[in-house]
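To keep things clear, I will list the structure first and then write my remarks on it.
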Amino acid sequence: MNPHATQPAHSWRGRAIGPIRVAFTFVLATFLVTGGGPAHAHARLVGSQPAADSSVTAVPEVLVLEFSEAIEPDFSRIEVVGPDGHRIDDGIPQGPSGQRTKLVVRLNKAAPGTCTVKWNVLSVDAHKSSGTFRFRIVP
């Protein structure tokens, strides 16, 4: 009796699955530990002029927001509400030439008090981010 005759014809598959299983486990573990890599990143606000929670003596001509990654200005929005509850921005955020991580919006005059900035942006990798901060106009 041939000892190999009793083995199923598909037994070769078991030998190939071992290395595949090890490779798959390694890739899965790497993905879980790294959180999937930078594809899950969102644009974070890293700076602004005027700065968040700062005081200024007059409304600047423009508000500048700087983000951690490139932004799509056409799909982004900035609202600046003055102390009287009315918007003081012109509603058209623009990306300065060659500075894809910045958005700029023109501002109108406002009375002294607290201004609220609300922003919604779309980064070039198609992730949406939003946030709010305040700055104060002091006489």
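The values are calculated or read from the model by the stated rules, or taken from the named source; none is laboratory data. Note that this is a predicted model, so its numbers are computed, not measured. Please note: Cβ atoms are built from the backbone with ideal geometry, for glycine as well, and neighbour counts cover all protein chains shown.
Descriptive notes on the structure:
- All of (1) β-branched (Val, Ile, Thr); (2) surrounded by 14 or more Cβ atoms within 10 Å (Cβ to Cβ); (3) at pLDDT below 95 hold for Val27 with one exception: (2).
- Residue count, segment 71-82 (criterion: farther than 14 Å from Val105 by Cβ and surrounded by fewer than 16 Cβ atoms within 10 Å (Cβ to Cβ)): 1
- Criterion applied to Glu72, Glu66 was being closer than 16 Å to Leu122 by Cα, at pLDDT 65 or above, assigned by TED's automatic domain parsing to the domain that holds Trp119 and in contact with a Gly (Cβ under 8 Å, 6 or more places away or on another chain), and the one residue passing it is Glu66.
- Among all residues of segment 85-102, there is at least one that is assigned to a strand (DSSP E or B), within 15 Å of Val46 (Cβ to Cβ) and at pLDDT 95 or above.
- Counted residues, segment 64-84 - those being part of a strand (DSSP E or B) and more than 19 Å from the chain's Cα centre (by Cα): 2
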